[in-house]
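Worksheet: the structure to be examined is printed underneath.
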Protein chains: 2
Amino acid sequence: MTASREIRINMILFAGLTQLDLTGPHEVLVRMPGARIELVGESLAPVVSARGLAIVPTATRQSVAPADLLVVPGGRGVDQAIIDPAWVSFMREAAASARWVFGICTGTLLLGAAGVLRGRRATGHWLARDLLSRFGANVCDERIVIDGNIYTSGGVTAGIDMALRVVADLAGEETAKRIQLQIEYDPEPPFRAGTPFVAAPGLVASLRQEDAERRTRLEAAVAQAAASLAAS
Amino acid sequence: MTASREIRINMILFAGLTQLDLTGPHEVLVRMPGARIELVGESLAPVVSARGLAIVPTATRQSVAPADLLVVPGGRGVDQAIIDPAWVSFMREAAASARWVFGICTGTLLLGAAGVLRGRRATGHWLARDLLSRFGANVCDERIVIDGNIYTSGGVTAGIDMALRVVADLAGEETAKRIQLQIEYDPEPPFRAGTPFVAAPGLVASLRQEDAERRTRLEAAVAQAAASLAAS
């Protein structure tokens with residue numbers, strides 16, 4: 001084994017995140033030799049996920065040092081974060097100074113709001129990825145998309161697949177395979193229902209209907225964020 | 001949609017857990033209609049995972065009410081938890097009063113230490129599942145194993161697969177598929193390296209070697225826990 005250089009990773013932790021967007025990639029990335037992860041909150045108070053799991057930040061936007069890799073989860077809280085000037089300006093600066101940027105699920109909208117995805121190929125959660133076009137991204141219907149130094153993934157669990165790709169690029173395929181074996185990642189999804197392209201049309205329609213109210217809120221937030229971005 | 005009955009879920013949160021063992025199933029189970037999850041700690045202080053992610057408990061062993069479903073993650077901290085009388089006696093009582101029990105990764109050793117797996121088919125992380133035999137389990141080399149009301153899964157990410165199975169059994173396949181689509185679980189692991197049966201033999205040997213010291217500690221703890229169980 002050779003000595004590992006340090007790889008600084010800042011993972012964004014905002015209220016109402018989908019915790020698995022963050023915790024899946026965390027479990028993968030933290031196993032990369034030299035990885036040093038900070039969980040960046042608005043303060044050091046625990047941050048509660050959209051569904052009630054509270055995670056403690058290790059740094060704040062003010063205190064954290066720039067990172068090599070910036071990681072941005074999604075979740076319902078994105079509706080607020082993309083119109084929160086404090087988060088958006090932090091993201092803009094953090095992305096500009098990072099060597100690599102990795103957005104998961106609707107977290108890619110936060111990258112979009114920060115102007116990071118203009119002219120770049122990008123994906124996100126299937127219920128919201130089309131909105132990335134409002135921030136100038138070329139939207140892809142793929143689970144994982146790599147455009148230069150920008151990694152974006154589909155909803156929630158796609159972050160695990162992408163995190164392994166990120167490790168392969170930053171630390172080599174052997175390291176990525178090693179981590180994949182450590183976390184016994186040989187998935188056996190019990191059903192064929194994980195994307196709108198394979199799930200039953202009735203189920204897809206039902207989820208879109210259930211999401212309609214949130215979608216309206218999200219569209220309004222995206223419109224506001226896109227206007228702010230255009231004016232910046 | 002029919003009104004959902006409440007399903008009480010207690011997830012165990014001990015120091016040094018592998019956080020994805022808990023957070024993966026949490027993201028699935030919390031989406032089950034009627035689910036009410038408690039994260040059960042030794043105290044209400046944040047619990048730090050084996051790799052530095054701190055999660056805040058919502059209840060303590062003393063305060064928490066019995067659950068319908070008991071969920072037990074694994075991780076390096078299992079070495080301590082299986083010889084900690086407070087955790088072992090809590091697990092024994094909690095498992096006895098639960099309708100279903102779900103162990104993930106090396107968390108299944110904690111179920112074993114509590115006497116829950118005697119004569120039952122069970123699995124766990126590939127580096128440690130053989131040790132389940134010390135607690136009277138019939139060890140299976142499978143990713144997910146269901147024996148009656150006892151669900152056990154392989155390492156880390158296997159908990160996501162199994163959580164969807166648990167939802168299918170408790171709330172129906174349609175609900176499980178719905179959650180699978182919400183979390184966009186159509187995995188694309190980048191390599192074929194997720195089990196010792198498909199990974200390169202050299203990689204498997206390397207991980208076993210890296211694990212050797214911990215394995216020695218774990219074997220000692222299992223021997224002590226098995227002796228306590230036999231004497232109880």
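Please indicate, with yes or no, whether at least one residue in the range B:182-190 is of a type in the set (Asp, Glu), open to solvent by less than 70 Å² (accessible area, probe 1.4 Å) and within 11 Å of chain A (Cβ to nearest Cβ). Quick ask: steps written out before the conclusion?
Quick first cut of the range B:182-190, residues of a type in the set (Asp, Glu) only: B:184, B:186, B:188.
Add one more test, that the residue is open to solvent by less than 70 Å² (accessible area, probe 1.4 Å), and what stays is B:184, B:186.
Now drop any that are not within 11 Å of chain A (Cβ to nearest Cβ), which leaves B:184, B:186.
The answer is yes; a qualifying residue exists.
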*Counting only residues that are outside any loop (DSSP other than H, G, I, E, B) and among the small types (Gly, Ala, Ser), which one in the range B:111-147 is surrounded by the most Cβ atoms within 10 Å (Cβ to Cβ)?*
B:GLY112
*Kindly establish whether A:LEU44 is aliphatic (A, V, I, L, M), within 12 Å of chain B (Cβ to nearest Cβ) and open to solvent by 10 Å² or more (accessible area, probe 1.4 Å).*
yes
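This table checks each residue for (1) closer than 20 Å to A:ASP161 by Cα; (2) more than 10 Å from every other protein chain (Cβ to nearest Cβ).
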site	(1), (2)
B:ALA98	no, yes
B:ARG120	no, yes
B:ALA137	no, yes
B:THR152	no, yes
B:GLY159	yes, no
B:ARG165	no, no
B:ALA193	yes, no
*For residues that are outside any strand (DSSP E or B), open to solvent by less than 30 Å² (accessible area, probe 1.4 Å) and on the phi < 0 side of the Ramachandran plot, tally how many sit in the range A:91-109.*
8
*Only one of these conditions is not met by A:GLU38: (1) open to solvent by 10 Å² or more (accessible area, probe 1.4 Å); (2) in a loop (DSSP other than H, G, I, E, B); (3) closer than 30 Å to A:SER232 by Cβ. Which number is it?*
(2)
*Does B:THR175 fit the bill of being of a type in the set (S, T, N, Q), under 30 Å from A:PRO201 (Cβ atoms) and facing chain A (nearest Cβ under 7 Å)?*
no
*Restrict the check to the range B:51-63 and report whether at least one residue is touching a residue at least 40 places away in the same chain (Cβ under 8 Å), more than 17 Å from the chain's Cα centre (by Cα) and farther than 22 Å from B:ARG215 by Cβ.*
yes
*Identify the single condition in (1) modelled with pLDDT of 95 or more; (2) in contact with a strand residue (DSSP E or B) (Cβ under 7 Å, 6 or more places away or on another chain) that B:LEU127 does not satisfy, given that it satisfies every other one.*
(2)
_Candidates A:PHE102, A:PHE90 - the one that is within 13 Å of the chain's Cα centre (by Cα), aromatic (Phe, Trp, Tyr) and closer than 26 Å to A:ALA227 by Cα_ = A:PHE102
*Any idea which of (1) touching a strand residue (DSSP E or B) at 6+ places or on another chain (Cβ under 7 Å); (2) away from every other protein chain (no Cβ under 13 Å); (3) hydroxyl-bearing (Ser, Thr, Tyr) is the one B:SER89 doesn't satisfy?*
(1)
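So if I check each of B:ALA227, B:ALA220, B:ALA168, B:ALA193, which one is open to solvent by less than 40 Å² (accessible area, probe 1.4 Å) and modelled with pLDDT of 95 or more?
Just one listed residue meets the conditions, B:ALA168.
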*With respect to A:VAL71, is the statement that it is outside any strand (DSSP E or B), surrounded by 24 or more Cβ atoms within 10 Å (Cβ to Cβ) and in contact (Cβ under 8 Å) with a residue 60 or more places away in the chain true?*
no
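The values are calculated or read from the model by the stated rules, or taken from the named source; none is laboratory data. Just so you know, these numbers come straight off a predicted model, no measurement behind them. Note that each Cβ is placed from the backbone with ideal geometry, even for glycine, and that neighbours are counted across all protein chains shown. These area figures cover heavy atoms from the full protein model, side chains too; ligands, DNA and RNA do not enter into them. Shrake-Rupley method; radii C 1.70, N 1.55, O 1.52, S 1.80 Å.
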